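The next block holds one structure in the form of structure tokens; read it before the comments.
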């Protein structure tokens, strides 16, 4: 039998499905105490699972530990409390007081994995909770027969109860760190060579020998250096100059053999005066005295005192840190020894280039320092030797903590206001708030304040909380709102522990934080930007929408930190697809992107009848206040209002028209395609011929000027042209002066909108009284300025070729979009392949793997078209979905996932909507193929179901030959939500009821509670999962369901399960009880 190999990771809510297959909840309760698997996964101090990578990452075990001892199950309450008190007392007596201990609240292992699962899970628990000295069990002696039995030692017992312990030293002993010797060279070389050969090694260049790089084939034997003795030379020079340099090595025992092996090497050197001055000039190091000795008056140092000019900096710098991946979580063990080697130094710093993978030491024991120089690209991390002190605890605040909090806040402009707020929260009479303080060596070094009992029902309508928090695992009063959290920078790396303790002490399980938009708003606390999760927004249909960003934090989130990504990402564009890229980057659960810039030429373009993003959406992404605390390098987005005028692919730099430049590791092109009529007609910027885009004209058109206009031509066959006519009429342009000219007669949404409008009313829908009828089939061929003002436009009639001339005050250009000429020149000069669109591969990469594109400007390479098939251009797809999919490619890249070989599946329909001149709304929602040549005809082999009512207007559903809804049309005076109606496109029409065809009004029919689940934003994905399940081999189905079921029964079960899981969103639906 082959040896079982397992790996661990933090538990996720969906692990409960597999765990339920072998975890007996009743037995767990009898052994460990009151048991609820879902709540433990979400709310335990730490829950880890062990998976078998050889069996599709099947979950084969779990371990939950909590700071509070579980309440014994099945015994009277007073006896249970007595046992708990006994266990805590005995634990303190053997050296494990409550501040350094946690208790097992549950542990289950699948049969066959008992001997290999528990040890790695215990190790993972200690890695997640570095403050722990021991994991304890208070249980009946029967626990000794459980899988955990061999990993714990009995410490004390009564007749029916015992205390067991697994110490950190026995499970995850500290690394043995010492000064390196020259003769360590041969044993260290494999470790160093491994990092040199790994492009994703933690720390990137910092993991390699100073001056080294990724190894070439000829260098691999020497650890990535041409000189095979480079490592020995590094050690030798440190030994020759111990006052300025030091090389440390770490050893660990191999299993239980007693044999020691090298698992890490760190090189440090003293920071000199010149380097300290350089760093202080680029980064805000005031909290670290600019790395110089504290001023003689013991006041805050600024590094500029005359006395300091002759003093040496009190800092060391890490120049190399290479640690075996299995021991990276213990890399902080180096720090005490590094400071011991330099007893006169108080600070330690390291710098990482933007593209370097995350370094665990930087997140475990250091704080990222905010740059003050825009050109400071490297990330600087710093720590103080006192940051490693033991005895760091958190407790509820008391009244007499006020003075120490006042001292902690010294130097802050709002010191008095913050102290008053702290005192109010800490007051024993305040039952609506709570405050905690962090203590080290008897001194207050941080605090947090929260408001208790936060109501989430309204928040759940505006934010997709269920994607971040397992809402059902939290009690009604388990949500609190963070008001403030301040930490002494020396202990800033302990902020997550402080927040977890704040939750525990306030009897909460989830902390929320609301961030209002606006530059005047203070940045959120570091813990919010770095450790909370930004909750994705959702469109509210209740009439109320949130105009703020929402962040969430739970124990599970604390134990599943996102990888910090410092790579510079520049996104060019401000349309829906560009915003979707940012949305996904900011709200994904794998990576925290700390260095993103959005280039918007003219600001953020949001809104519109069919837009997925509005002003509330921008607020929910926190884009107008940096998306986070950018002062600390936290996840967020910088905005640059400028146009791209140059691209240097070799230097990975874009040039902007404000004479600035942006360096990048990844460039994302999502500029969209706008009307380029002026460029097509050869009109330069200096040419004053009044051919304008509607946005530019409306920005300068007063009502008085509009009313004086005699003639305005709106040119184009786009939805924008229809909307422009309505906007001009609203602005005051007389109806008789407004003439719409279309270059086509059919096959466009323009024509479909006219047809829909005629179904609603015979007149005054797509035009208004007194407005000339639209002219069709006229292509604009020329335009010139009329002396005295106005434009002379020349058209060619498509049917006959005859020339048609018109004069007007303005010609409003709303033609089909094309790439901006200036941007096209940049792309052409940079040799980015362009064939009517920017050509991309399956991972949205152009011919330059560092340049990506999506949205209207992009299309997939022809090589992906299947035999007889056709790839729809991206401008026919939902822009939000295309932006999400590109962002997924960026996430895959930074995680080291192989790029896609084939384009991803697109599932969302595209929505187009506009307000017609007659003030009614036209809406068209359809699958991408319907946008190739929009038509009023029903799909081939399919049918159209339509209704018209005076109250609800005209509505139509197209069903294709396979019974799938392929399009939805609407025209009426009452606004219909385009995103909501998009939920039904792509679904079988059978979901909409057997009586759909006989409905008197489609909208009234669809408003019934019975169809509420169908309109939930997550239902389409549930349907696709059902289709996948139904098409799976029968043996797979047998494993997925209990007993034989027909397809209809399976679909019904999936729908019922969907309603059950989204009960808070669907209160109008009754959920069948479980059998």
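The values are calculated or read from the model by the stated rules, or taken from the named source; none is laboratory data. Owing to the predicted nature of the structure, the values given are computational and were not obtained by experimental measurement. No Cβ is skipped: glycine too gets one built from the backbone with ideal geometry, and neighbour counts run over all protein chains shown.
Does residue 756 satisfy the criteria of being out of contact with any strand residue (DSSP E or B) (no Cβ under 7 Å at 6 or more places or on another chain) and crowded, with 19+ Cβ neighbours inside 10 Å?
In short, no.
Just a yes or no: is a residue in the stretch 854-875 under 22 Å from residue 968 (Cβ atoms) and part of a helix (DSSP H, G or I)?
The answer is yes, given that some residue of the stretch 854-875 is under 22 Å from residue 968 (Cβ atoms) and part of a helix (DSSP H, G or I).
Go through (1) over 24 Å from residue 636 (Cα atoms); (2) free of Cβ contacts under 8 Å to residues at least 60 places away in the same chain for residue 474 and report which single condition fails.
(2)
Go through the stretch 538-565 and count every residue that is in a loop (DSSP other than H, G, I, E, B) and over 14 Å from the mean Cα position of the chain (by Cα).
So the answer is 13.
Considering only residues that are exposed (fewer than 15 other Cβ atoms within 10 Å of the Cβ) and either in contact with a strand residue (DSSP E or B) (Cβ under 7 Å, 6 or more places away or on another chain) or at pLDDT 95 or above (or both), look in the stretch 5-55 and name the one that is nearest to residue 142 (Cα to Cα).
Out of the qualifying residues, it is 7.
Assess whether residue 103 counts as being in contact (Cβ under 8 Å) with a residue 12 or more places away in the chain, crowded, with 24+ Cβ neighbours inside 10 Å and more than 28 Å from the chain's Cα centre (by Cα).
yes
For the stretch 741-780, give me the residue count where each residue is without any contact (Cβ under 8 Å) to a residue 24 or more places away in the chain, within 47 Å of the chain's Cα centre (by Cα) and over 26 Å from residue 931 (Cβ atoms).
0
Which fully enclosed strands (runs of 3 or more DSSP E) of the stretch 751-827 have 3 or more residues being over 24 Å from residue 692 (Cα atoms)?
Qualifying strands (runs of 3 or more DSSP E): none found.
Could you please let me know if residue 199 is part of a loop (DSSP other than H, G, I, E, B), at pLDDT 75 or above and assigned by TED's automatic domain parsing to the domain that holds residue 357?
Criteria met by residue 199.
Considering only residues of the stretch 345-374 that are in a loop (DSSP other than H, G, I, E, B) and out of contact with any strand residue (DSSP E or B) (no Cβ under 9 Å at 6 or more places or on another chain), which is surrounded by the most Cβ atoms within 10 Å (Cβ to Cβ)?
That would be 355.
Being in contact with a strand residue (DSSP E or B) (Cβ under 8 Å, 6 or more places away or on another chain), assigned by TED's automatic domain parsing to the domain that holds residue 71, more than 27 Å from residue 389 (Cα to Cα) and surrounded by 21 or more Cβ atoms within 10 Å (Cβ to Cβ), is that true of even one residue in the stretch 112-127?
Yes, there is a match, as at least one residue in the stretch 112-127 is in contact with a strand residue (DSSP E or B) (Cβ under 8 Å, 6 or more places away or on another chain), assigned by TED's automatic domain parsing to the domain that holds residue 71, more than 27 Å from residue 389 (Cα to Cα) and surrounded by 21 or more Cβ atoms within 10 Å (Cβ to Cβ).
Going through 502, 508 one at a time, which residue ends up being in a loop (DSSP other than H, G, I, E, B), under 17 Å from residue 556 (Cα atoms) and either out of contact with any helix residue (DSSP H, G or I) (no Cβ under 7 Å at 6 or more places or on another chain) or modelled with pLDDT under 95 (or both)?
Of 502, 508, the one residue that is in a loop (DSSP other than H, G, I, E, B), under 17 Å from residue 556 (Cα atoms) and either out of contact with any helix residue (DSSP H, G or I) (no Cβ under 7 Å at 6 or more places or on another chain) or modelled with pLDDT under 95 (or both) is 508.
Do any strands (runs of 3 or more DSSP E) lying entirely in the stretch 396-499 carry at least 3 residues that are at pLDDT 95 or above and within 23 Å of the chain's Cα centre (by Cα), and which ones are they?
Counting at least 3 such residues, we get 479-487.
So which pairs qualify, if the first residue must be in the stretch 551-576 and outside the structural domain of residue 380 (by TED's automatic domain parsing) and at positive phi, the second must be surrounded by 23 or more Cβ atoms within 10 Å (Cβ to Cβ) and assigned to a strand (DSSP E or B), the Cβ gap must be under 9 Å, and the two must be at least 6 apart or on different chains?
What qualifies is 573/598; 573/599; 573/668; 573/669.
Do you know which residues across the stretch 879-892 are surrounded by fewer than 24 Cβ atoms within 10 Å (Cβ to Cβ) and more than 22 Å from residue 567 (Cβ to Cβ)?
Correct list: 880, 881.
Looking at 634, 619, 592, 638, which is the one that is over 22 Å from residue 465 (Cα atoms) and at pLDDT below 95?
Among 634, 619, 592, 638, only 638 is over 22 Å from residue 465 (Cα atoms) and at pLDDT below 95.
Do you know which residues across the stretch 319-332 are in contact with a strand residue (DSSP E or B) (Cβ under 7 Å, 6 or more places away or on another chain) and either at positive phi or surrounded by fewer than 24 Cβ atoms within 10 Å (Cβ to Cβ) (or both)?
319, 324, 327, listed by residue number.
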